[in-house]
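First the structure, in the form of C-alpha cells, and then the observations on it.
The values are calculated or read from the model by the stated rules, or taken from the named source; none is laboratory data. As the structure is a prediction and not an experimental result, all values here were calculated from the model. Using ideal geometry, Cβ is built from the backbone for each residue, glycine included, and neighbour counts are taken over all protein chains shown. We work out accessible area using only protein heavy atoms, side chains counted, and drop any ligands, DNA or RNA first. Shrake-Rupley method; radii C 1.70, N 1.55, O 1.52, S 1.80 Å.
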Amino acid sequence: MKEQSEPTPDSMIDHAASLKYWNDVPATPNGMLGELGDYPWYTRIDLRASKAFLAKARRLLPSCSTEGKLKLGVDCGAGVGRITEGFLSQVCEVVDVVEPVEKFTEVVRNSSLKKDGIIGDIYTVGIENWNPEKKYDLIWTQWCVGHLTDTQFLEYVKRCRAALTETGIMVVKENQSTDINGEDMFDEEDSSVTRTDEKFKKIFKEAGMTVFLSEIQNGLPKTFRLKLLPVRSYALRPNS
C-alpha cells in the first residue's frame with residue numbers, strides 16, 4: 001500500500017481558527033505583539049529596525065528619492081495600527097490600512113491619525129482577499145503572511161507587484177523558521193506557518209519579484225534573542 005505523504009504545514013492553516021484567535025486578542029498595541037507585549041522596549045526596537053531598513057532600501061534604488069516622505073503607503077495586516085502610528089506615518093504622507101478583524105479597524109478608524117487625514121482608506125478584509133485599486137509607493141506587510149497558504153501568499157505578492165508605482169517598494173517582515181530539518185513550521189495556537197528563508201525567496205521569485213535587500217533584525221539583548229524566532233525583512237521590486 002502506498003504511504004500517504006505528510007501534509008504540508010501550510011495545508012493545515014484554518015482561516016476561521018486564525019480569525020478566532022485574533023478576535024480573542026485585546027485590541028491594543030500590546031495585544032498585537034502577544035507575549036512580546038509584556039516588553040515595552042520590544043516595539044521600539046522593532047520600529048527602529050524597520051525605519052532603518054526602509055531608509056537603506058531607498059538608498060539602494062537610484063530611482064527612489066531618499067528625501068522627504070513617500071506619497072502613499074499601505075499597512076497590510078495592520079492590526080490596530082501599531083506600525084502605522086509608530087513608523088509608517090513618519091515616512092508616508094498617507095497610509096491605507098488592510099486588516100480583517102473589525103474590532104481592530106474600528107480602533108484605527110477612531111484614531112487621531114485618521115482624523116488628521118494621515119490614515120487614508122481602511123479595508124476590513126484579509127490580505128488574501130485584498131485586491132489593490134491604487135498604486136503604492138510602499139506596501140508594508142508584517143507578521144501576517146503566516147496565515148496564508150503558499151498559493152495564497154504567491155497570489156498576494158503578484159497583486160502587490162502590480163500595485164506598486166514605478167519606484168515603489170514592497171517590504172515583507174516575518175519570523176523565520178528554525179526547524180532543524182529546514183522545513184516550514186506550523187503553529188496550532190494561531191493556525192499559522194513560519195516559513196524558511198528559502199521558501200520566502202522561492203515564492204518571491206515565482207511572483208516575479210526581486211529581493212534587493214534582506215536583513216535579520218538585530219538589537220535584541222542576547223539572552224532575550226535566544227527565546228525568539230529570527231525576524232527577517234525583505235525589500236522587493238518587480239523583475240525588470
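Please count how many residues of the stretch 187-228 are of a type outside the set (Lys, Arg) and modelled with pLDDT under 90.
Summing the residues that are of a type outside the set (Lys, Arg) and modelled with pLDDT under 90 in the stretch 187-228 gives 8.
Any idea which of (1) at pLDDT below 90; (2) of a type in the set (D, E, K, R); (3) crowded, with 19+ Cβ neighbours inside 10 Å is the one residue 35 doesn't satisfy?
It is condition (3) that residue 35 fails.
Quick one: in the stretch 186-203, which of the residues that are open to solvent by 30 Å² or more (accessible area, probe 1.4 Å) and acidic (Asp, Glu) is nearest to residue 236 (Cα to Cα)?
198
Give, as residue ranges, the strands (runs of 3 or more DSSP E) completely inside the stretch 87-185 that count at least 2 residues that are polar (S, T, N, Q) and surrounded by 18 or more Cβ atoms within 10 Å (Cβ to Cβ).
Result: 136-142.
Determine, yes or no, whether residue 169 is β-branched (Val, Ile, Thr), in contact with a strand residue (DSSP E or B) (Cβ under 8 Å, 6 or more places away or on another chain) and farther than 25 Å from residue 22 by Cβ.
yes
Which ones in the stretch 186-200 are closer than 27 Å to residue 16 by Cβ, charged (D, E, K, R) and outside any loop (DSSP other than H, G, I, E, B)?
The answer is 187, 199.
Could you look through the stretch 43-66, keep only residues that are without any contact (Cβ under 8 Å) to a residue 60 or more places away in the chain and in a helix (DSSP H, G or I), and pick out the one that is most open to solvent (accessible area, probe 1.4 Å)?
Taking the candidates together, the pick is 59.
Hey, residue 206 hits all of (1) touching a residue at least 40 places away in the same chain (Cβ under 8 Å); (2) open to solvent by less than 60 Å² (accessible area, probe 1.4 Å) but one; which does it fall short on?
(2)
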